[in-house]
Structure formats: structure tokens, C-alpha cells
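First comes the structure, then the notes that go with it.
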Amino acid sequence: MLAAVVRNYDVGVRLEEIPDPVPTGDAVVVEVLGAGICHTDLHLLHWRNRPLPLVMGHEVAGYAEGLGPVLVHQSWGCGRCRICLRGEEQLCPDVTEAGFERPGGYAAKILVPHPRYLLPLGGLDPVRAAPLTDAAATSYRAVRRASPWLRTDHDRVVVIGAGALGKFAIQFLRLLTPARVIAVDVSAAKRAEALTLGAHEARTGDELAGRRAEVVLDLVVEHDTLALAAGLVPPGGMIMRIGSGNGSLPFGRGVLPPEVTLTSARGGSISDVSAVVDLARAGKIRWDVEPIPLSEVAAGLRRLERGEVTGRLVLTPTGAGDD
Ligand SMILES: [Zn+2]
Ligand SMILES: [Zn+2]
């Protein structure tokens with residue numbers, strides 16, 4: 001089958017013919033119809049900390065024999081520990097993930113270890129649906145976990161970063177909470193789009209001086225965004241680190257108001273992904289994708305790196321015109 005493989009970090013992704021995956025035990029082969037190109041994939045190429053060869057692609061939708069079009073939950077836990085048994089395999093200490101430790105969706109086929117990771121799409125277009133498994137599910141779970149702080153329309157939530165995850169977060173905040181949603185982004189275009197997705201306000205960080213927000217979702221995680229978050233939360237508020245930047249925030253005495261909750265995010269559970277699929281099927285959320293053939297993967301990664309992408313780029317390894 002055709003796959004985009006990283007064998008050498010200096011070379012990056014290269015198209016190759018590799019053997020088809022062979023299922024054993026409970027494993028299922030899924031024909032990949034859509035694989036989202038995520039910012040995390042750029043990080044993987046920069047961090048250079050994953051074993052090679054690497055087939056990236058953790059946002060995967062495809063066709064499974066007997067099930068039809070499915071979304072692939074990317075995080076595969078041990079299935080036996082307490083965390084897995086409560087349905088949160090993405091938090092399992094022994095988790096392996098599609099596109100990280102295990103071959104992902106930048107290929108014509110992917111081997112999925114168990115059918116429980118396959119969620120029927122119920123009429124959603126697989127190419128459009130692919131980013132739901134990560135970008136949308138991560139945001140959904142973050143909003144669900146923040147919702148106890150956001151019970152009235154007097155509560156405020158600041159979303160720092162109105163990129164792919166931020167755009168989903170704004171919509172889930174409006175769907176799941178009555179809170180006032182304030183989007184923060186350096187880009188005027190992204191601020192404008194945030195307003196069309198339901199944010200009550202869209203600001204630059206500087207414009208929030210002196211303001212308060214019970215919850216700050218930081219989808220950027222640089223030193224200055226975490227400092228902004230620390231300045232916004234009142235006593236008892238919460239800050240969630242969601243983005244994959246390298247910023248940090250001191251946790252010592254006197255740094256934050258009392259009883260502020262600091263937490264982090266890591267993907268979504270199978271039930272989070274399932275809830276997102278239901279909302280998408282009901283037409284409750286909006287997102288844009290740009291399908292591109294697998295043969296253009298390197299160019300797609302370069303465009304994402306240069307910030308030349310508005311919707312999610314989705315590879316179509318077995319789609320029309322991609323052979
Ligand atoms: Zn991702
Ligand atoms: Zn486990």
C-alpha cells in the first residue's frame with residue numbers, strides 16, 4: 001500500500017509502497033478515507049523523539065469491513081488498568097497512539113487493535129469527520145471538564161488561541177454552558193471568525209488588562225499566554241493547559257490567587273469522541289476541511305508550518321484522484 005513514511009528526521013515524510021497491515025486477534029484493518037494533518041505532526045518532526053520508521057496521522061476516518069464508514073479513536077490503552085476500565089484509555093500509562101507509537105493514517109490502510117475504537121459515522125462524510133477524533137474531541141472534553149466553573153451567564157471563560165481547537169472550544173462552550181465566551185488571538189482574522197462561531201467578544205491579550213474570567217483555556221501555552229491566564233483568574237478559578245507550547249507557570253505561594261485549579265488536557269475518551277460525532281451529525285458544530293491527496297503530504301505540512309491553512313488539511317489516501 002502507499003504510505004507517507006518518516007525513516008530519517010532530516011528527510012521528513014516520503015511516499016513509499018509498504019506491505020499491507022495484517023490483522024491478528026481482535027485487530028481490524030481500516031481503509032483510510034481521511035487523515036487530518038495536525039499541528040502535533042509538525043511538533044513530532046521537530047521534537048524527533050519518536051522511534052523510526054514513523055507513519056504519522058492520528059485523526060483518521062475510514063471504511064471498516066462490516067461496519068462501513070467509521071471514525072478511529074486514536075488512543076489505545078492496555079484495556080485492563082483502572083483508567084482503561086473507566087473508559088479513559090487516552091490516560092492509560094501504557095497507551096499507544098495511532099500516528100505516534102503505532103502506524104497512523106498517512107497511509108492507504110491502518111491497523112486498529114480492537115473494534116471498540118471504531119465509531120460509526122452515521123452519514124457524516126469521512127473526510128470532514130477525520131479531525132473530530134482529536135481537534136474536536138480534545139476541545140469537547142476540556143469544555144466538559146471546565147463546565148462546573150461555568151454555571152451562569154455571569155461566569156466568563158477566556159479561550160486563548162482561536163485556531164482549530166479554539167474554534168471548536170468556542171462552539172462547545174456555547175452549546176454546553178451559559179457562560180460569556182471571550183476569544184483571544186493575535187490575528188484579527190481569527191478574532192473575526194471567533195465571533196461568527198459564537199464568541200461574545202474577541203480581543204487581543206492586552207485588551208484584557210484588569211478583566212476577570214473564572215476559566216481560562218490556554219490553547220497556545222507560551223510563557224506570556226500562561227501569564228495572561230494567571231492574571232485573569234479570580235480566587236477559585238481554573239486554568240487549563242491544552243496547547244502543546246513550551247510555556248510554564250510557577251506554582252509557588254503567592255503566584256496565583258487562592259484555590260485556583262490548574263489542570264491539563266490530553267485528547268478525548270471514546271465517549272467524548274462519540275458525543276462529538278452526535279453533535280456533528282445533528283448539525284450543531286461548524287468546521288472547515290481542505291482535502292488533499294496523500295501525494296501532497298509534504299507540501300501540506302509546509303503550508304501548515306507557514307500558517308497558510310485556514311481549514312483542517314485532510315489527506316485522502318484512498319480517495320478519488322489519489323492513486
Ligand atoms: Zn492532533
Ligand atoms: Zn490501561
- Which one of SER139, SER269, SER187 has the biggest mean-square fluctuation once the chain is modelled by GNM with Cα springs under 10 Å? SER187
- Would you mind checking which residues have amide H under 5 Å from MET238's amide H? H placed 1.01 Å from N; only 5 or more apart, or other chain. VAL215, VAL216, THR261
- 28 Å Cα-Cα reach of LYS284 towards lysines, excluding residues that sit fewer than 8 places from it in its own chain: LYS167, LYS190
- Message: Debye calculation, C-alpha points only, no solvent: report log10 I(q)/I(0) for the range 195-323 at q = 0.23 Å⁻¹, in the same order as the q values.
- Response: -1.33
- Filtered GluC sites (Glu not before Pro), the range 55-150: DSSP coil and at most 12 other beta carbons within 10 Å: GLU65
- Query: Taking the highest mean first, how do the peptides 146-157, 125-136 order by number of other beta carbon atoms within 10 angstrom per residue?
  - Reply: 125-136, 146-157
- Item | Beta bridge orientation in the range 1-128: antiparallel %, DSSP, nearest 5 | 95 percent
- Note on the structure: Footprinting proxy, TRP76, TRP287: sorted fewest to most Cβ within 10 Å, the residues are TRP287, TRP76
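At a 10 Å Cβ-Cβ cut-off, how would you order MET1, MET238, fewest neighbours first? Display every interim value, and only then the final one.
Working: MET1 17, MET238 22.
Going from least to most buried by this count: MET1, MET238.
Full-extension gain between SER187 and ARG50, please, as 0.36 nm times their residue separation minus the C-alpha to C-alpha distance. Before the final figure, lay out each step's value.
Details: separation 137, 0.36 × 137 = 49.32 nm, distance 3.21 nm.
Fully extending the segment from SER187 to ARG50 adds 46.1 nm.
Count the DSSP beta bridges whose two residues both fall in the range 137-264, then state the antiparallel fraction as a percent rounded to the nearest 5.
Details: 0 of 20 bridges.
The antiparallel proportion sits near 0 percent.
Looking at the calculated P(r) for the range 137-264, what percent of the C-alpha pair distances fall above 27 Å?
The calculated P(r) of the range 137-264 puts 7 percent of pairs beyond 27 Å.
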- P(r) histogram, all alpha-carbon pairs of the chain included - 10 Å bins from 0, percent: 6, 27, 34, 23, 9, 1
- Message: Going by amide H atoms built from the backbone, whose H comes under 5 Å of the H on VAL289, apart from near neighbours?
- Response: ARG312
- Message: Using Cβ contacts closer than 10 Å as the measure, can you line up LYS109, LYS167, LYS284, LYS190 from fewest to most?
- Response: LYS284, LYS190, LYS109, LYS167
- Taking every DSSP bridge whose two residues both lie in the chain, the antiparallel percent to the nearest 5 is 55 percent
- Query: Amide H to amide H under 5 Å from ARG102: which residues, 5+ apart in sequence or cross-chain, H placed 1.01 Å off N in plane?
  - Reply: GLU97
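Return the equivalent ellipsoid semi-axes of the range 56-176 as a descending list in whole Å, where each equals the square root of 5 times an eigenvalue of the C-alpha gyration tensor. Please list the in-between numbers first.
Working: eigenvalues 154, 65, 35 Å².
Values for the range 56-176, descending: 28, 18, 13 Å.
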- Query: Across 5 Å bins from 0, what is the distribution of all Cα-Cα pair distances for the range 64-135, in whole percents?
  - Reply: 3, 16, 25, 26, 18, 10, 3
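A short reminder: the numbers here are calculations on the coordinates, not readings from a lab. Everything quoted here is computed from the prediction, not taken from an experiment. Positions of Cβ are backbone-derived with ideal geometry, glycine not excepted, and every protein chain shown enters the neighbour counts.
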